[in-house]
Amino acid sequence: MTACTARVARGSTPCPSARTPAAPTAALAVVGVVLQLVLLAASSAATVASPTWLLPDTSGIDGQLTETLNVDRFFGLWLVFNDETLSLSDKPFTILAPINSALPPLAEPGAMRRLLLDHVVLGKQLDLDIGADLRFATLGGHTVKVQNHNGTLTANGARVLRARVEVPRGILVTLDNYLFTPPSEEGSTSSSTTPGPPSLEAAATATTAPKANASTVAATTTTTTAAASTTTSEADTVPPALPTAAAHVAPPEPKPLSGFLRDVTEVLSFLKSGTRVFQHLLSRAQVNVSRMLTDDGQYTLLVPTDLAFQRWHPIDWGFYPFSVAEFSESVVVNHFLKTDLRADDLKDGQVALSLEGREVVFARKPNLTVNGVQVVGGDTPVAHGNILLINEVLFVTEEVVARLHENNRDKETPPLLAFPWIGAQFLSHAFLALEEAGKGFEHATRFLNMADLAPHVPGTGYTFFVPTDEAFERLGLGSADDSYLATGPGLDLLLNHFVAKRLYARDLQNGSTFTTLGNKTITISRNHGSISINNARVVKSEVFVYNLGTMFYIDHVLFSEDGLPPRGHQGSSSAGPFHVTTEIPEEVETIPVELNLETGDGKIQDDDPDREPTTSGPEAAAKTIEDP
């Protein structure tokens, strides 16, 4: 512990800014250090019962990186949490960090905490550089709108300087300014602040108690012994501005549907066919859409037909753009227009704006179109507006989908393979991918081809750490027989390169451990951006095998230091019972099944369109592939 962080732990003077000469480079990562110190004290203080702030775990962010990105001043502001009870989430995150030249607005500590949380998205790694407008809610409860203006990305008016910087567990986005102006103590917000859920902001201001004095605050962050003996003080009665995990506070009630959205939802539900995909996507975006509509507003909803979505629907397998939640939500929002338009009254060249400010242009010759897309049929009037059906999805192009696909390979569904192992789809696709890679994995593929792996690696949902050819050759295995790792101890060696869970790079945190299918434990270490698995270095990260699992290429054969099987060995494997899984990551959405939901009576029969298979074996593997 440095002298600076020791002072923070004692509740004394915070560390100076990372850009001050007195601050070492380590202070740039002060957020993670401070959070861990305060959590340690809080967990030992049995008599303290204050609510807890839920924050992302940024301890893996390298201080040198924040200095290089010129955002270390923003991370230094997180010291405002050093007097609070904290809980770190292991969920993925996105942090939108203003650069040092963006002066932080002056605000009292409570408002500053809420401002910082409004620059965090918890539970998602957002990709702003997909070329489409996006809209998402922050950890502080407010909404951020990302727009593409002729190739320049902006977020709530702030220019995006770096759209995607990968860090452990998350993504950093750098901005030239702050997204919001902090609310005043009375709860009023600046006119530039995007409105968020009223109940969140009301709770943040209505429950604010008088500020604790300096000695009381220090008492809450002193040593473990002092914290344990402290009786309830004024600081203990000050709840944080937001609901948190430790306090088990129920999330704020969603805003009731506006009259227009309620009527639209009802009218679309009456249709037996034709708009089910849009209904499905609208139900997912309903919360954000309702925040953007007013009860007395007038709107027009352009509803693409199912055939419009079918154009983007892969045949049997492939990438479906609307499996990317942020993208599909933005598309839905931009089909709501800010005015009540009737087909017969529309003029040639008339312009209207979507809820996110996207422009649409109507034309009347030879038929009524919007942005070149044909309007199908006539008006469907509802209270506060109108519904028009269209035969294409607006704002979705081949170029946008190609970029989206490139950044979301893990959402691509695979073809069902009968070869090499029909009951082991991940293993089969991984094997073929390594074969196609050719040079560099010849030894891995020949050993896999002869090994009795399929019963141990059935279905989907795995991570495979693949040694390169050089790794095998350094051990003298370049000339080993193809069946050298087929059974017994050799098979165990192979199984120790598989983990029965789909892992992303963000999951490989320093010090984390995982159990292999060969019942060994691997330990992860990180050093200046490099990832190691035991003593093997990752040379290529996140090679997605469709949505079935992940491969990481490594430069060493794991556990080879424990001894290699003798040439011509025989024997049984010491691996445990066969592991069966058909897991697909929870953040990967399956392709909506609305197009095939009609039964004989014309009713929709699908209580949970995202239900994942629970069976195993070859039949389950086939079902996993075919369900989307």
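The values are calculated or read from the model by the stated rules, or taken from the named source; none is laboratory data. This one's a predicted model, so the numbers in the text were calculated from it and none came from an experiment. Because the Cβ atoms are built from the backbone with ideal geometry, glycine has one as well, and the counts that use them run over all protein chains shown. The protein model used for the area step is the full one, side chains on, heavy atoms only, and it has no ligands, DNA or RNA in it. Shrake-Rupley method; radii C 1.70, N 1.55, O 1.52, S 1.80 Å.
Things to note:
- Three-way shape label, the stretch 313-447, alpha-carbon gyration tensor, a/c 1.5: prolate
- Within the stretch 276-429, DSSP assigns beta bridges of which about 75% are antiparallel (rounded to the nearest 5).
- Summary of the geometry: the stretch 311-364 and the stretch 371-400, compared by the centres of their Cα atoms, lie 6 Å apart.
- Over 19 Å (Cα to Cα) - which of 91/501; 91/124; 124/520; 124/145; 124/411; 338/365 fall in this group: 124/520; 338/365
- Of the whole protein surface, residue 124 contributes about 80 Å² of accessible area at a 1.4 Å probe radius.
- Highest to lowest packing among 260-267, 353-360, scored as the average C-beta count within 10 Å: 260-267, 353-360
- The listed peptides 455-464, 140-149, ordered by packing as a protection proxy, come out as 455-464, 140-149 (highest mean of other Cβ atoms within 10 Å first).
- Taking the centroid of alpha carbons for each part, the stretch 500-535 and the stretch 276-295 are 40 Å apart.
- Where trypsin sites (Lys or Arg not before Pro) fall in DSSP loop in the stretch 425-498, at most 12 other Cβ within 10 Å: 439
- Only the Cβ atoms of Lys and Arg (+1) and of Asp and Glu (-1) were treated as charged; on that basis the dipole of the stretch 381-438 about its Cα centre amounts to roughly 200 debye.
- Accessible area in the full protein assembly, largest first, 1.4 Å probe, for 421, 312, 317: 317, 421, 312
- Here is the P(r) of the stretch 452-525: all C-alpha pair distances, binned every 10 Å from 0, give 17, 46, 31, 5 in whole percents.
- Measuring nothing but how far apart in sequence close Cα pairs (under 8 Å, 6+ apart) lie, relative to its length, the stretch 504-558 scores a relative contact order of 25 percent.
- Shape category assigned to the stretch 286-346 from the gyration tensor of Cα positions, a/c cut at 1.5: oblate
- Debye-sum result for the stretch 321-364 in log10 I(q)/I(0), which assumes one identical scatterer on each alpha carbon, at q = 0.33 Å⁻¹: -1.13
- Ratio Rg/Rh, restricted to the stretch 496-557 and using Cα atoms, in which Rh is the Kirkwood radius: 0.92
- Three-way shape label, the stretch 523-568, alpha-carbon gyration tensor, a/c 1.5: oblate
- Volume of the Cα convex hull of the stretch 405-494, divided per residue and given in Å³: 108 Å³
- The stretch 345-464 - percent relative contact order, Cα under 8 Å, separation 6 or more: 13 percent
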